[in-house]
Amino acid sequence: MNAQTERRLIDGPIGPIECAIDRPSDDAHRDTPRGVAVVAHPHPLFGGTMDNKVAQTLARALVLLGYETVRFNFRGVGATAGTHDEGRGESDDLLAVVAAMRRPGLPLVLGGFSFGAYVTTLAAARLDGADAAERLVLVGPSTQRATPAPVPADTLVIHGEQDDVVPLSATLDWARPQQLPVIVMPGVGHFFHGQLTQLRQLIVRSWH
């Protein structure tokens with residue numbers, strides 16, 4: 001994301017997982033971040049990597065909010081071992097990153113874009129009690145081909161009105177039984193082309 005991004009391999013369930021770590025630069029959070037955030041990227045079979053622009057935008061927003069932020073490549077992408085596993089193994093990968101990167105006493109935030117948002121819900125559902133995430137942020141979540149796990153009421157969900165990959169109606173159908181609010185960006189497609197700055201600002205403004 002910038003010259004300060006640290007790239008690292010960590011041990012995953014089936015081999016190395018490639019990570020990129022960004023830390024807050026503001027004085028208040030440089031030494032002690034507000035928490036640790038893990039960001040998951042879109043579908044690897046359609047070109048998704050941790051360097052996807054929407055995933056980077058999500059990470060930038062979380063860094064601005066004071067979180068040490070970790071992006072990582074799912075299995076079979078970049079230097080991460082393994083092959084695509086339709087979300088099951090990928091949620092294992094995400095939890096391995098959480099285990100390696102979270103800091104005792106600091107809150108955990110999980111975020112994802114598209115397929116990464118779907119995987120984020122699966123992983124979050126496997127964390128409970130003291131291990132549970134403080135908050136989730138899901139951008140353009142994949143809600144049509146597979147159903148995400150239920151999420152907490154304060155989950156931040158953002159979807160483009162003109163999403164041509166995951167219809168807004170599919171995400172509303174998923175959110176409705178949970179009475180989960182969805183923030184809709186008018187006229188915006190799945191990849192938020194030309195709207196990444198607005199997406200970053202929206203995430204920052206919507207945090208608490």
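Is it true that some residue in the range 148-157 is open to solvent by 20 Å² or more (accessible area, probe 1.4 Å) and without any contact (Cβ under 8 Å) to a residue 12 or more places away in the chain? Within the range 148-157 (the criterion being open to solvent by 20 Å² or more (accessible area, probe 1.4 Å) and without any contact (Cβ under 8 Å) to a residue 12 or more places away in the chain), the answer is no, since none of the residues qualifies. Selection of the range 121-145 for residues being in a helix (DSSP H, G or I) and either among the basic types (Lys, Arg) or surrounded by fewer than 24 Cβ atoms within 10 Å (Cβ to Cβ) (or both) yields Leu122, Gly129, Ala130, Asp131.
Taking the range 25-50 as the range and being crowded, with 16+ Cβ neighbours inside 10 Å, at pLDDT 95 or above, outside any strand (DSSP E or B) and not β-branched (Val, Ile, Thr) as the test, the residues that pass are Pro33, Arg34, His41, Pro42, His43, Pro44, Gly48, Met50. If you go through the range 84-105 one residue at a time, do you hit one that is farther than 20 Å from Gly35 by Cα, in a loop (DSSP other than H, G, I, E, B), open to solvent by less than 10 Å² (accessible area, probe 1.4 Å) and out of contact with any Phe, Trp or Tyr (no Cβ under 9 Å at 6 or more places or on another chain)? No, the range 84-105 has no match at all.
Take the residues in the range 188-208 that are out of contact with any strand residue (DSSP E or B) (no Cβ under 8 Å at 6 or more places or on another chain) and farther than 18 Å from Gln56 by Cβ, then tell me which one is surrounded by the fewest Cβ atoms within 10 Å (Cβ to Cβ).
Across the range 188-208, the extreme among qualifying residues is His208.
State yes or no: is Thr171 without any contact (Cβ under 8 Å) to a residue 40 or more places away in the chain, out of contact with any helix residue (DSSP H, G or I) (no Cβ under 6 Å at 6 or more places or on another chain), open to solvent by less than 60 Å² (accessible area, probe 1.4 Å) and polar (S, T, N, Q)? For Thr171, the condition - without any contact (Cβ under 8 Å) to a residue 40 or more places away in the chain, out of contact with any helix residue (DSSP H, G or I) (no Cβ under 6 Å at 6 or more places or on another chain), open to solvent by less than 60 Å² (accessible area, probe 1.4 Å) and polar (S, T, N, Q) - is met.
The values are calculated or read from the model by the stated rules, or taken from the named source; none is laboratory data. Because the structure is a prediction, the values reported are computed rather than measured. Methodologically, a virtual Cβ is constructed for each residue, glycine included, from the backbone with ideal geometry; neighbour enumeration extends over all protein chains shown. These area figures cover heavy atoms from the full protein model, side chains too; ligands, DNA and RNA do not enter into them. Shrake-Rupley method; radii C 1.70, N 1.55, O 1.52, S 1.80 Å.
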